[in-house]
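Trainee: One structure follows; several queries about it will come next.
None of the figures in this text is laboratory data; all of them are computed from the coordinates on show. Every value quoted in this text rests on a predicted model; they were computed, and no experiment measured them. Every residue, glycine as well, gets a Cβ built from its backbone with ideal geometry; the counts of neighbours run over all protein chains shown.
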């Protein structure tokens, strides 16, 4: 159920224009106050030009838009502004794989070599698709080497790859492994990756404002990102970039995606199963359980656990991974989240099945994960 009503504009000491809209909320409510104060703090502390927060509570959507999509044009942020979401893109890649599995095109227990015969017999060819989707393949760098500039060079790199430790024993957050999951999933559907996503998965998910390459007709919606020096910047995607971090989407589309993950909305049985399968827990890593890209925590959860699980240590260091045998079936009393960043954007998505609530925070600046987590935590706490 979606209800909309306009609330008065707020004057905040922020960069540029601040606009504010919500649905079915009483003026001056606790949620409004928490969102306003939280947005003000983040934008002032980290010089964020534009921010949008989307909240879903029991099927009702609430949108809060602050600041500008571009400092040059002064165009205000709206729920339909397109933001780069960085590694939140990996969620869609994992969902493509489970969607292909739901159609019988592949199994997450398959090895890479089964789908990429050129890699059969190599160490990488022995890695399972589930390990690609859980950052436990055996050790990849966060990014591909600069020397890998095309598909031929990628295959040569993967042929030479050797695991740093046994598969399934360490979690090392990496783009190449999830990138190859996307390649394989799309190949099983007989389509190139971007076509599989934009022609099959996104429409099946009801995402109508989500892209890898923003169409010319939508460029006015595409926010300008800003780097740490406040210089304008946008993503220049390389090999496996689309598969790992290439999505541009809106708060309206992304909050809808979290609602689907809550089991809400109308969709096909195959999509419903594909989404549920991404919530399966495969490894215990520190305070969190590694699902298929999603990361979950028992709910209620302490803020310190979320900060630890979304820390730089988790992103840039190897961490012990304890396999769950059998894997943990999708849970209700959990906080499920994913952060994402590019050079000029920062994103965070959370859903809590037991409470039927979710939040999406999108910004046109890459600011610390800690700030995103704290803001989301306070906003969702206001709904309890």
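Trainee: If you work out P(r) over Cα pairs in 20 Å bins from 0, in percent from the coordinates, which of (i) 30, 59, 10, 0; (ii) 24, 57, 18, 1; (iii) 26, 60, 14, 0 do you get?
Mentor: Given (i) 30, 59, 10, 0; (ii) 24, 57, 18, 1; (iii) 26, 60, 14, 0, the structure-derived one carries the label (i).
Trainee: Starting from the Kirkwood Rh over alpha-carbon pairs, what translational D in µm² s⁻¹ does the range 131-199 have by Stokes-Einstein at 25 °C and 0.890 mPa s?
Mentor: 191 µm²/s
Trainee: A further question follows. What number in nm² do you get for the range 77-153 if you take the convex hull of its Cα atoms and divide its surface by four?
Mentor: Mean projected area of the Cα convex hull: 7.4 nm².
Trainee: Please give the length that would be gained between residue 142 and residue 103 if that part of the chain were fully extended, namely 0.36 nm times their separation in residues minus their C-alpha to C-alpha distance (nm, one decimal).
Mentor: Result: 11.0 nm gained on full extension.
Trainee: Applying a 10 Å radius around every beta-carbon, put 270-276, 300-306, 335-341 in order of their mean neighbour count, most first.
Mentor: 335-341, 270-276, 300-306
Trainee: Using 1/(1 + (r/R0)^6) with R0 = 41 angstrom and r between the beta carbons of residue 370 and residue 120, what's the FRET efficiency to the nearest 0.05?
Mentor: E(calc), rounded to 0.05, equals 0.40.
Trainee: Suppose each label sits 7 Å from its Cα in the direction of the beta carbon; what would the residue 74-residue 218 distance come out to in nanometres?
Mentor: If labels sit at residue 74 and residue 218, their model points lie 2.8 nm apart.
Trainee: Tell me, 243, 295, 75 in order of fewest to most beta-carbon neighbours within 10 Å?
Mentor: Fewest-to-most Cβ neighbours within 10 Å comes out as 75, 295, 243.
Trainee: If you take the beta carbon distance between residue 333 and residue 199 as r and set R0 to 35 Å, what does 1/(1 + (r/R0)^6) give as a FRET efficiency, to the nearest 0.05?
Mentor: Efficiency computed from Cβ-Cβ geometry: 0.45.
Trainee: Classify the range 200-318 from the C-alpha gyration tensor, please: rounded if a/c falls under 1.5, else prolate or oblate depending on whether a/b exceeds b/c.
Mentor: Oblate.
Trainee: Another question, if that's okay. Ranking 171, 160, 40 by Cβ neighbours within 10 Å, fewest first, what do you get?
Mentor: Neighbour counts put them in this order, fewest first: 160, 40, 171.
Trainee: Top mean-square fluctuation among 254, 129, 307, Gaussian network model of the chain, C-alpha springs under 10 Å?
Mentor: Maximum fluctuation in the GNM of the chain, among the listed residues, is at 307.
Trainee: Relative contact order for the chain using alpha-carbon pairs under 8 Å, separation at least 6, rounded to a whole percent?
Mentor: Once divided by the residue count of the chain, the mean separation gives 22 percent.
Trainee: If you don't mind, another one. For the chain, what does -39500 (n - 2.57) per DSSP helix run (n ≥ 4), summed and divided by total residues, give at 222 nm, in deg cm²/dmol to the nearest 500?
Mentor: The helix-only estimate for the chain comes to -8500 deg cm²/dmol at 222 nm.
Trainee: Relative contact order (percent) for the range 243-384, with alpha-carbon contacts under 8 angstrom and 6 or more residues of separation?
Mentor: This gives 23 percent for the range 243-384.
Trainee: Next question. Most exposed first by the Cβ proxy, i.e. fewest other Cβ within 10 Å, how do 314, 219, 43, 155 rank?
Mentor: Listed from fewest to most nearby Cβ atoms, that is 219, 155, 314, 43.
Trainee: Once you place label points 7 Å from the Cα toward the Cβ at residue 190 and residue 284, how far apart are they in nm?
Mentor: Between residue 190 and residue 284, the simple spin-label model gives 4.5 nm.
Trainee: Contact order normalised by length for the range 92-194, with contacts defined as Cα pairs under 8 Å and 6 or more residues apart; what percent is it?
Mentor: 34 percent
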